[in-house]
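Visitor: I have a structure here, written as structure tokens, and I will follow up with some questions on it.
Any read-out appearing in this document is the output of simple, stated calculations on the displayed coordinates, not a laboratory observation. From a predicted model like this one, the values you see are computed outputs, not experimental measurements. Positions of Cβ are generated from backbone atoms using ideal geometry, with glycine treated the same way; all protein chains shown enter the neighbour counts.
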Amino acid sequence: MPGAPSLLFLAYLLGVLPWAAIRSARRVEQALGRSGRSPASDRLAIWGSTLVAQGLLLVLAWLAGRGFGFRFFAVALTPAGLVAAAAALGACFVLRAVARALRTEEERKALVVYRLAPRSAVEWLAWGAVALVASVTEEIAYRGVGVAILSHWSGSLAAAILVCATAFAVAHALQGWKSGVVIFMLALIFHALVLFTGTLVLAMLVHLLYDVIAAVAIAREAERDDRAAPPPGQAPVSPEDGMTC
């Protein structure tokens, strides 16, 4: 029978986090408006709250997993596993490319991840801490302990994976529903990698690499958009304004 740590962990993973993510998404969207980048203070505040939520999730997952002897950092590195990790990373970027192709330029610029992209060294340090903690915590919680508990209770590994992948996508509600679909598919890739390799460690590394590479690309595009944007109070210049008859 499940103990109190497992019940508390699942309540937080499947209840509190999705609810908080949806609620936060609405508040952040209202605060940022439909366009324009967010101030540095807003970005740091959002990353700070994210770090707190991730830390609490890690503690609850750790307590629950220890209750039934879950091996958090069991390593089973093989050549096939490394190839699978590389393939998983490639699949993640294929999904990202497809998602970008399905968005217009205006939709891309309006994405919260672009408006929250780090702009300074301090912001990159703060974002890096969140990315590192999230890559470890989310793999332990969603691909490890969560699946272990739910598959044991339900008797179905597939059902456990679908529930955890859905919760993972909803927990990223800040990025919008289209990104949520992509994140759900990314979760399935990470689940498949864990099942194939028998370790969470490779999934953690792939997760971190994907987040870092994607963040750098997004930050570069956001910086380019910032430079191209007209100063506050100045109307955009159309191409015809510079033309002569």
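Visitor: Spot the failing condition for Ala20; the list is (1) within 23 Å of Val182 (Cα to Cα); (2) crowded, with 16+ Cβ neighbours inside 10 Å; (3) among the small types (Gly, Ala, Ser), and only one is missed.
Guide: With (1) within 23 Å of Val182 (Cα to Cα); (2) crowded, with 16+ Cβ neighbours inside 10 Å; (3) among the small types (Gly, Ala, Ser) applied to Ala20, the lone miss is (2).
Visitor: Name the single residue that is farthest from Asp211 (Cα to Cα) among those in region 119-137 being of a type in the set (S, T, N, Q) and in a helix (DSSP H, G or I).
Guide: Thr137
Visitor: Going through region 101-115 one residue at a time, which ones are in a helix (DSSP H, G or I) and surrounded by 13 or more Cβ atoms within 10 Å (Cβ to Cβ)?
Guide: Arg108, Lys109, Ala110, Val112, Val113, Tyr114, Arg115
Visitor: Check region 138-148 and report whether any residue there is of a type in the set (Gly, Ala, Ser), over 16 Å from Ala21 (Cβ atoms) and not in a helix (DSSP H, G or I). If you could, list the steps in order and put the result at the bottom.
Guide: Kept after step one, since they are of a type in the set (Gly, Ala, Ser), are these residues of region 138-148: 141, 144, 146, 148.
If we keep only those that are over 16 Å from Ala21 (Cβ atoms) as well, we get 144, 148.
Remaining after also requiring not in a helix (DSSP H, G or I): none.
No, region 138-148 contains no residue that is of a type in the set (Gly, Ala, Ser), over 16 Å from Ala21 (Cβ atoms) and not in a helix (DSSP H, G or I).
Visitor: Could you list, ordered by first residue, the pairs with Cβ atoms under 8 Å in which the first is in region 142-153 and farther than 18 Å from Gly15 by Cα and the second is of a type in the set (Asp, Glu), at least 6 apart or interchain?
Guide: Nothing qualifies.
Visitor: Next question, about the same structure. Among the residues of region 119-129, write down those that are within 15 Å of the chain's Cα centre (by Cα) and surrounded by 18 or more Cβ atoms within 10 Å (Cβ to Cβ).
Guide: The one that is within 15 Å of the chain's Cα centre (by Cα) and surrounded by 18 or more Cβ atoms within 10 Å (Cβ to Cβ): Trp127.
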